[in-house]
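Below is one structure; the comments refer to it alone.
The values are calculated or read from the model by the stated rules, or taken from the named source; none is laboratory data. Everything numeric here is computed off the predicted structure, so don't read it as measured data. Quick reminder, even Gly has a Cβ in these numbers, built from the backbone with ideal geometry, and neighbours come from all protein chains shown.
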């Protein structure tokens, strides 16, 4: 790309902007990440490895993976349903529903966690009733799943609504006139059209589900080996001055984050290409 | 297969898009629903297809009431204004779609399916593009593929919603003639919606003029063009001079006369001829448009005559001529577009 002389910024401006950007990246993004790995590995690979394989850490990884495995598919499903309802039908209260979708983004995760405690805690009527049936939600896995579900709800729907709005419903109508049933329309027409957007939303949802701290912290109860997710486990290790172990476990999260970024970048290019038409 | 629409009504909120419409389309006919945008013609077409449900009234296909049948059971072919091709499928898969979603014994075996799709693509002259994606085609090509796709399931009725309006003028003309030819070959009962009177006049066996949710007139292109039933139809079909006029009894009315119906002469041809002065002359291809100030008329009147005839007349702006306005038709003043 060439920029004409008349619109090009003076050399010192370019130099300054590039320097600021690079320094900022180095200071606030690269250095902390490097530090996480460095701190974790400070006392050698063995200690690093031990922090990972210790039962409490393994339990935390397991719980996090379980939570994510439940939350991401459910939110993908809810997201598609919500985006479908909002973009393909017209009904009363649609605008309200769209603004409501942003609620989990708008309120603090801690409050999101508190809502569930106040709603389902063992001293509330509903919690008591569930407790009577032997179901425990708060300070247990279901609570963690619920809180994560709530916090990550908007990702998929937010990604799909503008996409499906732009695509309109003519293709679906065409499929109907050609004799397709509802499910056939969805599988053969709608889903391929939103595939990349959906995956992109799921990756974002996944990243947030793994890393969620606030809401989960409130409903978890921090029972070691039982209701600790990876971020909670890291926090406990850190507050016990077990710095090396906490950074070692943190490096798992950083590693997962890096994978997410690569996946996201790859999906973005696929997404762009798909939107421009070309074969997929 | 014939189409019959009885007392069909549809409102969007307080707005009556289609108001108590009755319409019959005979087997093998090619009918145009013609009207200005927002007149309800597309809503009417979508209701026949089942894409919109009527508030009241009936739709019959071959005498059978299909009003409440879901779209997929109506088995009508539908062509959309913006093609609506499946963007993630090749041209082949687009056309094959209607056959692939068939169930059980209706589903054709692979070889037959391929034969049928290839045959259709050849018919619309798109057989060279089987492996292309829709985004790689021009508008005219996409609409041909959309047509092949609509015909794949052998519908008995073909509905087209402004099929050519998104195309540029030259392609539109070409595709229009090609569709007429195709219809003469396969004789499928067809209804198309258009706001382009030229398209309707050239393409249709019969024109149904729609305005504000009701049918103003229906008939052959000659009937609606030469004998418009009311002021709206007269004004909507073709160029027209409009002027306010009092008839013999003195009642107010609107007068219409098409430019080519205005006669010009150097001598008084008929006792009713009026005197006028030529204001301006413009060449319009083989025709000449002559703008005239005529005695007793406030606004200038346009006449259109052949270039040879104009040359023979030998007049220039400023000359006095005699104007024959005998073809003026006066309607009671109670319409608006």
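Does residue B:62 satisfy the condition of being closer than 18 Å to residue B:213 by Cβ and touching a residue at least 40 places away in the same chain (Cβ under 8 Å)?
no
If we keep just the residues of segment A:247-274 that are buried (at least 16 other Cβ atoms within 10 Å of the Cβ) and within 14 Å of chain B (Cβ to nearest Cβ), which is modelled with the highest pLDDT?
The extreme case among them is A:271.
Give me a count of the residues in segment B:123-150 that are free of Cβ contacts under 8 Å to residues at least 12 places away in the same chain and either out of contact with any helix residue (DSSP H, G or I) (no Cβ under 9 Å at 6 or more places or on another chain) or closer than 15 Å to residue B:87 by Cα (or both).
1
Could you run through segment A:180-198 and say how many residues are assigned to a helix (DSSP H, G or I) and either within 9 Å of another protein chain (Cβ to nearest Cβ) or free of Cβ contacts under 8 Å to residues at least 24 places away in the same chain (or both)?
12
If I go through segment B:218-246 residue by residue, how many of them are part of a helix (DSSP H, G or I) and in contact (Cβ under 8 Å) with a residue 60 or more places away in the chain?
The number of residues fulfilling the criteria is 5.
For segment B:306-315, indicate whether the set of residues that are assigned to a strand (DSSP E or B), within 20 Å of residue B:240 (Cβ to Cβ) and at pLDDT 90 or above is non-empty.
Within segment B:306-315, one or more residues are assigned to a strand (DSSP E or B), within 20 Å of residue B:240 (Cβ to Cβ) and at pLDDT 90 or above.
Six or more apart or on different chains, Cβ atoms under 6 Å: show the pairs whose first residue is in segment B:76-89 and at the interface with another protein chain (Cβ under 8 Å from one of its Cβ atoms) and whose second is surrounded by fewer than 24 Cβ atoms within 10 Å (Cβ to Cβ) and in a loop (DSSP other than H, G, I, E, B).
Matching pairs, first to second residue: B:76/B:155; B:77/B:155; B:82/B:166.
Of the conditions (1) in a helix (DSSP H, G or I); (2) in contact with a helix residue (DSSP H, G or I) (Cβ under 8 Å, 6 or more places away or on another chain); (3) modelled with pLDDT under 85; (4) surrounded by fewer than 16 Cβ atoms within 10 Å (Cβ to Cβ), residue A:128 clears all except one; give me its number.
Of the numbered conditions (1) in a helix (DSSP H, G or I); (2) in contact with a helix residue (DSSP H, G or I) (Cβ under 8 Å, 6 or more places away or on another chain); (3) modelled with pLDDT under 85; (4) surrounded by fewer than 16 Cβ atoms within 10 Å (Cβ to Cβ), the odd one out for residue A:128 is (2).
Report the residue count in segment B:56-74 for those that are assigned to a loop (DSSP other than H, G, I, E, B) and touching a strand residue (DSSP E or B) at 6+ places or on another chain (Cβ under 8 Å).
The qualifying residues number 3.
Could you tell me which numbered condition residue B:159 fails, if it satisfies all but one of (1) assigned to a strand (DSSP E or B); (2) more than 22 Å from residue A:172 (Cβ to Cβ); (3) within 14 Å of chain A (Cβ to nearest Cβ)?
(2)
Residue A:58: in a helix (DSSP H, G or I), outside the structural domain of residue A:145 (by TED's automatic domain parsing) and out of contact with any helix residue (DSSP H, G or I) (no Cβ under 7 Å at 6 or more places or on another chain), yes or no?
Criteria not met by residue A:58.
Taking the condition of being touching a residue at least 40 places away in the same chain (Cβ under 8 Å), surrounded by fewer than 17 Cβ atoms within 10 Å (Cβ to Cβ) and within 28 Å of residue B:236 (Cα to Cα), how many residues in segment B:17-59 meet it?
8
If residue A:279 satisfies all but one of (1) loosely packed, with under 15 Cβ neighbours inside 10 Å; (2) at pLDDT 85 or above; (3) within 14 Å of chain B (Cβ to nearest Cβ), what's the number of the condition it fails?
That leaves (2) as the condition not met.
For residue B:239, all conditions in the list (1) crowded, with 18+ Cβ neighbours inside 10 Å; (2) within 30 Å of residue B:310 (Cβ to Cβ); (3) touching a helix residue (DSSP H, G or I) at 6+ places or on another chain (Cβ under 9 Å) hold save one; what is the number of the exception?
(1)
Does segment B:133-156 hold any residues that are more than 9 Å from chain A (Cβ to nearest Cβ) and outside any helix (DSSP H, G or I), and which are they?
Of everything in segment B:133-156, those that are more than 9 Å from chain A (Cβ to nearest Cβ) and outside any helix (DSSP H, G or I) turn out to be B:137, B:138, B:154, B:156.
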